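Trainee: The structure under discussion is supplied below as C-alpha cells; questions concerning it will follow.
Readers should treat all values here as calculations from the given coordinates under stated rules, not as data from a laboratory. Just so it is clear, the structure is predicted and the values come from calculations on it, not from any experiment. Neighbour counts run over all protein chains shown; Cβ positions are idealised from the backbone, glycine included.
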Amino acid sequence: MRDDMYKDTADDPRLEQGKVDDLNGLDSVVAHLDRYIAEYLRLGVSSSLQLTSGQLLEVIDWARSVNNDVNVEPPQDSELDFFKSGLLEELIQIPSNVFEEVEFPDGQTRYLPMRPEMWEAGLDRFETQLLKTLKKQKMDPQEPLDLSLFDRK
C-alpha cells in the first residue's frame, strides 16, 4: 500500500538499518497518536459516543493491520461502529502526514514520510503505554476511556 511513497528513495539510509532505534521518532509518533485520538474522542463525547479501552485497542489493531497491507473492513452496524471506523481512517492518515528528517550519504537532509516500521513501532509503544496506564489506574476495560489519559507530557 505505501511502497509507492518510497520508490524514489532507493538510496534512503533508513532502509539499511532494518530496525527502528529512533526513540525521539517513536515519542513523536506517540505524541501524534495521543493528540489525534484525544481530539477524536472528545468529538465523540460531544455526540454521546465513547470508546472503552478494549474498543480503542481494537482500532489500534486495525491500524496495525492496515500498515501491514491487510484489508480491514470494520463493522458498520451501529453508530459506535461508524465512530470506530472514523477513528481508524484518521489514524491511518498519520504516517503520510508525519515526516522523518533523514541525512543521506551525500550530506543532504531530506524530509520523507514516516516508514511503515516506524509507524508500527509507534503503535506498539502507544499501546504499551496505554496498557500500563490502564493497569496502574486499575481502570475497567469495559468503562469509557478517561480522556485525561491522553494528556501525557
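Trainee: Can you give the FRET efficiency for residue 151 and residue 108, using 1/(1 + (r/R0)^6), R0 = 35 Å, r = Cβ-Cβ distance, to the nearest 0.05?
Mentor: So the FRET efficiency works out to roughly 0.40.
Trainee: Separation of the stretch 107-153 and the stretch 62-80 by C-alpha centroid, Å?
Mentor: First find each Cα centre; the distance between them is then 18 Å.
Trainee: In nm, give the distance between the simple-model label positions of residue 43 and residue 72, each being 7 Å from the Cα along the Cα-to-Cβ direction.
Mentor: 1.6
Trainee: Using Cβ contacts closer than 10 Å as the measure, can you line up 84, 135 from fewest to most?
Mentor: The most exposed by this proxy come first: 135, 84.
Trainee: Let's see if you can work this out: charge +1 on each Lys and Arg Cβ, -1 on each Asp and Glu Cβ, no other charges. What is the dipole magnitude of the stretch 63-153 about its Cα centre, in debye to the nearest 20?
Mentor: That gives a dipole near 540 debye.
Trainee: If you don't mind, there's one more thing I want to ask. Take the Cβ-Cβ distance between residue 100 and residue 128 as r, set R0 to 25 Å, and report the resulting FRET efficiency rounded to the nearest 0.05.
Mentor: 0.75
Trainee: While we're on this one: Please rank 118, 139, fewest neighbouring Cβ atoms within 10 Å first, as an exposure proxy.
Mentor: 139, 118
Trainee: Further question: With each pseudo-label sitting 7 Å past Cα toward Cβ, what's the residue 65-residue 89 distance in nm, one decimal?
Mentor: 1.8
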